[in-house]
Amino acid sequence: MERYFQPEIERASREEIVRIQNEKLVKQIKHVWEDLPYYRKKMMDAGVTPDDIKTIDDIKKLPFLSKADLRDAYPYGMLAKPLKDCVRIQSTSGTTGKRVVAFYTQHDLDLWEECCARAIVAAGGTNEDVCQVAYGYGLFTGGAGLHGGSHKVGCLTVPTSSGNTERQIMFIMDLKATILCCTPSYAAYLAESMKEMGYGPDDIPLKAGIFGAEPWSEEMRHNIEEMLGIKAYDIYGLTEISGPGVSFECSEQRGMHINEDHFYAEIIDPDTGETLPEGSQGELVFTCLDKEAFPMIRYRTRDICVLTREKCSCGRTHVRMRKPQGRTDDMLIIRGVNVFPSQIETVLLNQGYAPNYQIIVDRVNNTDTFEVLVEMTPEMFTDNIGAIADRQAKLSAGLLSMLGIKAKVSLVAPKTITRSEGKAVRVIDKRKV
Ligand code: ADP
Ligand code: ZN
């Protein structure tokens, strides 16, 4: 079975990758200089012209773009192609504010869908597979990206979109779907619902899941894998850079390979903007090397990440990124301590809870309050009061040792926390309101 969608690129030598990147960057910077006045102005302000950009290392001379620039330029200010050449828009989920609109030419769509096809093949997908795409369709990039990728691989594509959980399960079972694509929180919800309907891992025809669009922990991965009887693969992306498929996991599952023939990645210090050496943790920055309509240059993702070029035994040579822990704006600062929701998730799942929780932060008398609502599983719920109190104490202690600050833990009855069909909302921060 072929394990690569485009082997000549996915296994290219480092020299070949750098050659491709050099060539594409030079061309791309000419394109934005000529066709994107917004970025030309930024370059002029920074005293850089296309003549200064000869190799990929010169990228450090170029100015950054951020979400604020995109909001500034909304809707058409960041468009680098005439409208007649554009065929699609997609938009961010708006998780952290006003939505951002991105544009695609047909070339851009093909490139994006090929990246998603690489991800599906890396998860073992072939034209024999039935691939159910349960990411939301519409403006959100999840549905459109995996749908296009599934077509390119030649899978029988089942475009269910998200939601309608009963119908979702009916199609998985009736059509014998082998690959499921959705957010990890929706996968967990589907797994829970299938268990309630009496389906065990051996009854479920799925063999692989391609889950992404939000942070999820290793513990959550194991949970979903066990309940559905699958191997679960991570996929990462963002609308500004194209959508899902910017990077994806291979069978080694030790970081996600970035499609670096299209997207050049850097890690920077979020405070100084300085580029950090390989292996350092910092903010992930992407440059689109050959997208036409919406060519983001040194776009600051705000995702906190680490890159590695260590050899991967899958044979792919593309740089890998660690699972992003969260983004700079996901990180809560509670009583001066940095807290990522993913750390809380790790503690919960290690103690046998399902990933159904909510974090509530508020400020009372100038002090931050920090409460974690955690749903008990149906089995825990039938425990006696003493056992429940013990569980609660154990969870408080676990959170304290992971985070270094104390949380008020409230165990709630099963099914009281709303399930997510797309990106889960884990944090309610009342301090900002
Ligand atoms: P929004 O920024 O409104 O959520 P997008 O739908 O474009 O819009 O989401 C992109 C963001 O989703 C990324 O910047 C990242 O923070 C998060 N994300 C996407 N895939 C993953 C993943 N596999 N793991 C962790 N976070 C992810
Ligand atoms: Zn690999």
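How large a share of the accessible area of the chain, in percent, is made up of carbon and sulfur atoms when the probe is 1.4 Å and the other protein chains stay in place? Mind showing how you got there, number by number?
Values: 9470 of 18340 Å².
Of the solvent-accessible surface of the chain, carbon and sulfur hold 52 percent.
Of all the C-alpha pairs in the chain, what % are more than 34 Å from each other? Roughly 34 percent, rounded to a whole number.
Whole number please: convex hull volume per residue, Cα atoms of segment 192-297, in Å³. Could you put the intermediate results ahead of the total?
Numbers: hull volume 14.8 nm³, N = 106.
Roughly 140 Å³ of hull volume per residue.
In summary, segment 1-158 shows an alpha-carbon radius of gyration equal to 1.21 times the 2.2 N^0.38 Å reference for compact globular proteins.
Only the Cβ atoms of Lys and Arg (+1) and of Asp and Glu (-1) were treated as charged; on that basis the dipole of the chain about its Cα centre amounts to roughly 900 debye.
Which percentage, to the nearest 5, of the DSSP beta bridges contained in the chain is antiparallel? Each step should come with its number before you reach the end.
Values: 39 of 63 bridges.
Here the share of antiparallel DSSP bridges comes out near 60 percent.
Express the Stokes-Einstein translational diffusion coefficient of segment 87-223 in µm² s⁻¹, to the nearest whole number, given a Kirkwood radius over alpha-carbon pairs, 20 °C and a viscosity of 1.002 mPa s. D = 139 µm²/s. Normalised by the number of residues in the chain, the mean separation of alpha-carbon contacts (under 8 Å, six or more apart) gives a relative contact order of 14 percent. Relative to the dominant Cα principal axis of the chain, helix 165-174 is inclined by about 80°. Placing dummy labels 7 Å off each Cα toward the beta-carbon, the span from Val427 to Glu16 is 4.2 nm.
One quarter of the convex hull surface, Cα atoms only: what value does that give for segment 332-429 in nm²?
Working: hull surface 25.7 nm².
Average of the hull's projected areas for segment 332-429 equals 6.4 nm².
Hey, got a sec? Which trypsin sites (Lys or Arg not before Pro) in segment 8-111 land in a DSSP loop and have at most 13 other Cβ atoms within 10 Å? Kindly include the intermediate steps, with their values, before the conclusion.
Numbers: sites: Arg11, Arg14, Arg19, Lys24, Lys27, Lys30, Arg40, Lys41, Lys42, Lys54, Lys60, Lys61, Lys67, Arg71, Lys84, Arg88, Lys98, Arg99; in loops: Arg11, Lys54, Lys98, Arg99.
Of the trypsin sites (Lys or Arg not before Pro), the ones in loops of segment 8-111 whose Cβ has at most 13 other Cβ atoms within 10 Å are Lys54, Lys98.
For segment 275-318, the alpha-carbon radius of gyration amounts to 1.39 times the rule-of-thumb value 2.2 N^0.38 Å expected for a compact globular protein. With 16 Å as the cut-off, how large is the P(r) tail for segment 136-206, expressed as percent of Cα-Cα pairs? That tail contains 48 percent of the Cα-Cα pairs.
When the Cα atoms of segment 103-153 are aligned to their principal axes, the ranges along those axes come out at 31, 22, 13 Å in descending order.
For the chain, the longest principal axis of the C-alpha atoms and the axis of helix 184-196 are separated by about 30°. Mind pulling the angle between the C-alpha long axis of helix 218-228 and the longest principal axis of the chain? Nearest 10 degrees, somewhere in 0 to 90. The angle comes out near 70 degrees.
The values are calculated or read from the model by the stated rules, or taken from the named source; none is laboratory data. From a predicted model like this one, the values you see are computed outputs, not experimental measurements. Note that we place each Cβ from the backbone using ideal geometry, even for glycine, and neighbour counts take in every protein chain shown. SASA here: full protein model, heavy atoms, side chains in, ligands and nucleic acids out. Shrake-Rupley method; radii C 1.70, N 1.55, O 1.52, S 1.80 Å.
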